[in-house]
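Colleague: Structure in structure tokens, see below.
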Amino acid sequence: MSAIQLNVIKPSVNNMTARVFLRAAKLDFSEKDVYGQTRTPEYLARAPSHLTPMIETADLPKGALWESCAIMQYLCNKHGLDDFYPKDPEARAMIDSAMFYLIGTFYPYLARATYPALNFPLYAGEVGCSDADAPTKEAARQAAVAALAEPLDVFRAFYIGDKPFIGGARPSIADIRLAATLEFLAAIDYALPDWAKTYMANIERTLGPAYAEPAADVRGYVNYVKSQR
Ligand SMILES: N[C@@H](CCC(=O)N[C@@H](CS)C(=O)NCC(=O)O)C(=O)O
């Protein structure tokens with residue numbers, strides 16, 4: 001039996017992040033598809049957040065850990081994967097900042113912009129899942145689309161700079177998180193800037209099947225929902 005069980009929902013880029021990382025890091029793990037099972041009493045007993053990706057290993061205080069970035073950070077710490085998550089405090093600070101910026105600022109815009117097209121539920125309290133009429137919801141969604149460009153360019157100008165990746169010459173865990181996230185923009189035919197297209201292609205080329213296999217599940221889902229319109 002593998003030391004780590006990774007519980008996933010395959011169409012999700014949050015999940016793609018962890019799926020790419022565990023493959024790229026060549027860790028011993030088994031993957032369990034828990035689509036439709038995250039609100040069952042069995043899953044909630046292990047992970048009351050009902051979230052995926054979620055890893056389970058006996059080493060963890062509660063046996064379970066969710067949040068894609070925390071999963072990558074933990075596994076890098078545990079297995080000494082300094083290439084993905086440098087120990088140098090300043091280099092690590094940039095990786096952490098990029099991931100927090102993504103989760104706290106960029107991803108909420110991206111979810112508001114893309115989740116309706118993906119048939120994913122929006123977060124409680126958002127216009128998109130309120131009683132507002134369709135034009136009002138679409139105006140809110142368009143505002144989120146418009147808001148994406150600024151933080152996206154911050155990744156280029158500040159975090160990546162003149163290096164190939166946020167991590168430098170090799171993709172870091174922040175790069176895996178960013179590249180996976182950008183996959184969802186295909187759902188709304190977002191005009192990705194050329195640098196982002198090149199960046200994503202470089203990550204896929206560098207990580208090979210570790211990236212391509214989980215990406216195929218996300219892309220397959222995106223293409224499926226687009227074909228249903
Ligand atoms: N910030 C979290 C987001 C995780 C998340 O939203 N997971 C969704 C799939 S995209 C999920 O598991 N939803 C199932 C549920 O809530 O029942 C991460 O990066 O891991």
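The values are calculated or read from the model by the stated rules, or taken from the named source; none is laboratory data. Everything numeric in this text was worked out from a predicted model, so none of it was measured. Every residue, glycine as well, gets a Cβ built from its backbone with ideal geometry; the counts of neighbours run over all protein chains shown. Just the protein is used for accessible areas: all its heavy atoms, side chains included, with ligands, DNA and RNA removed. Shrake-Rupley method; radii C 1.70, N 1.55, O 1.52, S 1.80 Å.
Colleague: Looking only at the range 104-119, filter to residues that are without any contact (Cβ under 8 Å) to a residue 60 or more places away in the chain and within 12 Å of the ligand (Cβ to nearest atom); which one of those is least open to solvent (accessible area, probe 1.4 Å)?
Modeller: 111
Colleague: I'd like the full set of residues that are within 22 Å of the chain's Cα centre (by Cα) and assigned to a loop (DSSP other than H, G, I, E, B), limited to the range 115-164.
Modeller: 119, 120, 121, 122, 123, 124, 126, 161, 163, 164
Colleague: Restricting to the range 42-74, name every residue that is charged (D, E, K, R) and farther than 23 Å from residue 87 by Cβ.
Modeller: 42, 46, 56, 62
Colleague: Could you tell me whether residue 179 is buried (at least 17 other Cβ atoms within 10 Å of the Cβ), closer than 23 Å to residue 67 by Cα and of a type in the set (A, V, I, L, M)?
Modeller: Yes; evaluated as a whole, the condition is true for this residue.
Colleague: May I ask you to list the residues in the range 1-20 that are out of contact with any Pro (no Cβ under 9 Å at 6 or more places or on another chain) and either of a type in the set (Ser, Thr, Tyr) or away from the ligand (no atom under 13 Å from the Cβ) (or both)?
Modeller: 1, 2, 3, 4, 5
Colleague: Go through the range 21-40 and count every residue that is within 13 Å of the ligand (Cβ to nearest atom) and assigned to a helix (DSSP H, G or I).
Modeller: 1
Colleague: Which residue pairs have Cβ atoms under 8 Å apart, sit 6 or more places apart or on different chains, and have a first residue in the range 14-42 that is open to solvent by 30 Å² or more (accessible area, probe 1.4 Å) and a second that is of a type in the set (Asp, Glu)?
Modeller: So the pair list comes out as 23/213.
Colleague: Of the conditions (1) in a helix (DSSP H, G or I); (2) away from the ligand (no atom under 14 Å from the Cβ); (3) crowded, with 16+ Cβ neighbours inside 10 Å, residue 85 clears all except one; give me its number.
Modeller: Failed condition: (1).
Colleague: Looking only at residues in the range 60-71 that are part of a loop (DSSP other than H, G, I, E, B) and surrounded by 12 or more Cβ atoms within 10 Å (Cβ to Cβ), which one is farthest from the ligand (Cβ to nearest atom)?
Modeller: 63
Colleague: Sort out which residues of the range 43-59 are hydrophobic (A, V, I, L, M, F, W, C), open to solvent by 30 Å² or more (accessible area, probe 1.4 Å) and either within 13 Å of the ligand (Cβ to nearest atom) or in a loop (DSSP other than H, G, I, E, B) (or both), and write them in order of number.
Modeller: Correct list: 44, 51, 58.
Colleague: Among the residues of the range 120-141, how many are within 14 Å of the ligand (Cβ to nearest atom) and over 17 Å from residue 225 (Cβ atoms)?
Modeller: 4
Colleague: Does residue 99 count as in a helix (DSSP H, G or I), farther than 18 Å from residue 3 by Cα and away from the ligand (no atom under 16 Å from the Cβ)?
Modeller: no
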